Amino acid sequence: MMSPLDTSARHESSLHGFDVGLLVLRLAVGLTMAVHGTQKLFGWFGGPGLDASGKFFEMSGYSPGRTMVAIASLSELLGGLGLVLGLLTPLAGAAIFGTMINALAVKWDGGFFAPEGVEYEMVLATAAAALALTGPGRYAIDHFLPVLRAHRLVYGVIALVIGAVAAAVLLLIRN
């Protein structure tokens with residue numbers, strides 16, 4: 001029986017809860033984004049595919065549409081898989097964060113709670129940013145990589161700055 005004064009066992013138990021919580025969040029956000037990437041890129045899971053998505057991107061001011069779809073889709077797919085695996089988590093989160101900034105810009109006129117609002121994109125951007133900042137937890141490939149084993153807040157901040165700058169560049173060249 002654990003003594004009420006034995007904080008090491010309680011601390012270990014809370015760490016496992018923290019790690020499981022991060023794993024659940026990584027799986028939910030990562031799989032959602034990976035599927036969205038394959039919908040646009042390959043037309044899988046009932047998605048529109050590259051050509052139809054390219055036309056939508058052109059109408060939204062991103063030209064050339066097919067190239068911009070490829071960038072967005074690969075960011076979603078690779079960022080999503082990175083989150084699922086817990087591989088290069090700060091960069092994976094930043095890829096999704098940057099992509100969602102552009103998605104927010106496209107849908108911003110719809111408002112927040114409107115039927116075509118931005119709350120979905122806002123939640124995904126926030127969750128991706130949170131994962132970039134916290135790291136993946138112990139149940140991740142990053143945990144076994146010497147450089148990323150001890151996640152540092154600075155890794156997440158740098159990655160998010162890179163994601164935000166990339167998103168801003170795309171917004172600036174948007175027609």
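Quick note: the coordinates plus some simple rules give every number you see, no bench work behind them. Note that the structure is predicted; figures quoted are calculated from it, not measured. Cβ: placed from backbone, ideal geometry, glycine included. Neighbour counts: every protein chain shown.
Each of residue 59 and residue 122 was given a label point 7 Å from its Cα along the Cα-to-Cβ line. The distance between the two points is 2.5 nm.
The angle between the Cα long axis of helix 89-107 and the main principal axis of the chain comes to about 40°, on a 0 to 90 degree scale.
The spacing between the range 141-175 and the range 45-96, judged by their C-alpha centroids, is 16 Å. Only helices enter this figure: runs of n ≥ 4 DSSP H residues, each worth -39500 (n - 2.57), summed and divided by the residues of the chain, yield -24500 deg cm²/dmol at 222 nm to the nearest 500. Taken over the chain, the alpha-carbon convex hull comes to 143 cubic angstrom per residue. Given a Förster distance of 35 Å, report the FRET efficiency between residue 44 and residue 14 from their Cβ-Cβ distance, rounded to the nearest 0.05. My answer for the efficiency is 0.35. Computed about the Cα centre, the dipole magnitude for the chain is approximately 280 debye when only Lys and Arg (+1) and Asp and Glu (-1) carry charge, each at its Cβ. Summarising the label geometry, the points placed 7 Å from Cα in the beta-carbon direction at residue 74 and residue 24 lie 3.5 nm from one another.
Does anyone have the angle between helix 153-173 and the longest principal axis of the chain? Alpha-carbon axes, 0 to 90°, nearest 10? Helix 153-173 and the main axis of the chain meet at about 10 degrees.
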